[in-house]
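Participant: Below is one structure. I have some questions about it.
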Amino acid sequence: MSGIDDSTGLGGEAQERLPGRVRQRFPDISSRAYEHPADRSALVALRKLSGFDTVFKTLSGLLPERSLRLLYLSDSVRVGERQFPHLHRMLLDACYVLDLPKVPPLYVTQDPQPNAMCVGLDEPVIVVTTGLVELLDEEEMRAVIGHEVGHALSGHAVYRTILLFLTNFAAKVAWIPLGNLAVTAIVTALREWFRKSELSADRAGLLAGQDLRASMRGLMKLAGGDHLHEMNVDAFLAQAEEYEAGGDLRDSVLKIMNVLPRSHPFTTVRAAELKKWADSRDYQRLLEGHYPRRAEDKGTSVTDSLRESANHYAESVRSSKDPLMGLVRDIAEGAGDLGGRLRETFRGGKGPDGGKGGGKE
C-alpha cells in the first residue's frame, strides 16, 4: 500500500511537508470501511420513517442549492492557492488520502463559534468558521477537514442540508396545532442519524491525519477552548467513563433528554468512541490496506449491514455501564423482581442483596 512521505507530500501541486511521519493512502476506499455501525442503522431507520421519502423527494427538488452556493461565494472566502493556501493544501491532501474523486469547494465564513459542516445536494460544499480556524493548530485542522471529506465521501451532505432546512422550517410552523408533528418527527430522526454520522466522520478524520493525538486535542479544544496546557487526554477520557457509568435511571433519562436537541454527540463521548476504534484491530487492518473498496459497494448486502449494526448494539448493551442499559440487560436475561429493581435503580439505592440496583456487577 502506498504511503505519503513526510518530505514529498502529495507530489505536484499538492506537495507539503509533514514532519516526522509517513501516512498511508487508501485508494478506492469505501465509506463502509470507517462508518460507525450506529450511523448505518440510524440511516436505515430514518429512511423507513413514515413520510420521509415524500419529504426527501420534495425538498430535493425545492431546496435552493444555487442560492446556497451563491451565498458562500458572495459572503465567505473561498479557499484556494491564493486564499488560505494552507487549508487548500489540507483539503487536497485529505481528498488524496481518502481518494475522493472530486475535490469539494471549501469556504471560510466569519463566525466566532468553532464549527464546520458539509452541505449540498448535487455537489457537497465544505464550510469552516473563523472561530475554528483560529482555535486549531495545523494537524488538528487536518483531522477536521478529513472529517468533512468523510461526510462528503459517505454522501452525508444531502441529509445534512435537509436537516438544516427542516430545523428552520419547524420553527416557523411550530404555532400550527398538530401541523408540526410530522416535521418534528423527521427532524428528530435526522438529528439522531446525524449524531451517529459524526462518529463515522471522526474516524475519517483520523484516517486522513493518522494522528490520534491531534484528533484528541481538537475535540478537547472544542470542549474547553484553547487551554491545552490546562487539560489532559486521560482525564478527558475519564470524564466519558464517568458520564456513561454514573448516576441512576434518572440520570440516564436526563442524558437522553439533553442530547435530543443536539446535532452532535457530546465531545467526551466522541473522544472515547474514536480512541476505542483507534485501538481496535479494525483500524490496524485498515492501515495495512485491508478494507472494502467502492468497486464492491453494489454487491454489498443490506442484510449484512443490518446484522452488523444489530451486533454492535447488542455488544453496546452488554458492555455499557449506564444504569438504563443495565436494566435492559436484566430484562433480557429474565431478572426476577423487575419492579423492585426498577424502583431501586431510579432511587440509586441498594438492592435487596446489598448491591446497587439496575445491573449486575
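The values are calculated or read from the model by the stated rules, or taken from the named source; none is laboratory data. A quick note: this is a predicted structure, and the numbers were derived from the prediction, not measured. Glycine also receives a Cβ, built like all others from the backbone with ideal geometry; neighbour counts cover every protein chain displayed.
Participant: Within the range 119-128, can you find the residues that are out of contact with any strand residue (DSSP E or B) (no Cβ under 6 Å at 6 or more places or on another chain) and modelled with pLDDT of 95 or more?
Facilitator: Residues satisfying the conditions do not exist here.
Participant: On to the next question. Is it fair to say LEU164 is out of contact with any helix residue (DSSP H, G or I) (no Cβ under 7 Å at 6 or more places or on another chain), closer than 23 Å to PHE266 by Cβ, part of a helix (DSSP H, G or I) and at pLDDT below 85? Break it down into steps so the answer makes sense when it comes.
Facilitator: Values: out of contact with any helix residue (DSSP H, G or I) (no Cβ under 7 Å at 6 or more places or on another chain): yes; closer than 23 Å to PHE266 by Cβ: yes; part of a helix (DSSP H, G or I): yes; at pLDDT below 85: yes.
Yes.
Participant: Look at LYS221 and say whether it is farther than 26 Å from PRO27 by Cα, of a type outside the set (A, V, I, L, M, F, W, C), modelled with pLDDT of 95 or more and within 20 Å of the chain's Cα centre (by Cα). Break it down into steps so the answer makes sense when it comes.
Facilitator: Numbers: farther than 26 Å from PRO27 by Cα: yes; of a type outside the set (A, V, I, L, M, F, W, C): yes; modelled with pLDDT of 95 or more: yes; within 20 Å of the chain's Cα centre (by Cα): yes.
Taking the combined requirement at face value, the residue satisfies it.
Participant: Quick test for you: out of SER263, SER305, pick the one residue that is in a helix (DSSP H, G or I), surrounded by 11 or more Cβ atoms within 10 Å (Cβ to Cβ) and at pLDDT below 90.
Facilitator: Working: SER263 fails: in a helix (DSSP H, G or I).
The match here is SER305.
Participant: Please work out which one of (1) over 16 Å from SER215 (Cβ atoms); (2) crowded, with 17+ Cβ neighbours inside 10 Å is the condition GLN110 fails and give its number.
Facilitator: (2)
Participant: While we're on this one: Considering only the range 80-139, how many residues are free of Cβ contacts under 8 Å to residues at least 60 places away in the same chain, within 21 Å of the chain's Cα centre (by Cα) and assigned to a loop (DSSP other than H, G, I, E, B)?
Facilitator: Number satisfying all stated conditions: 9.
Participant: Give PHE84, PHE52 a once-over and let me know the one that is at pLDDT below 90 and surrounded by 15 or more Cβ atoms within 10 Å (Cβ to Cβ).
Facilitator: Numbers: PHE84 fails: at pLDDT below 90.
Testing whether each residue is at pLDDT below 90 and surrounded by 15 or more Cβ atoms within 10 Å (Cβ to Cβ) leaves just PHE52.
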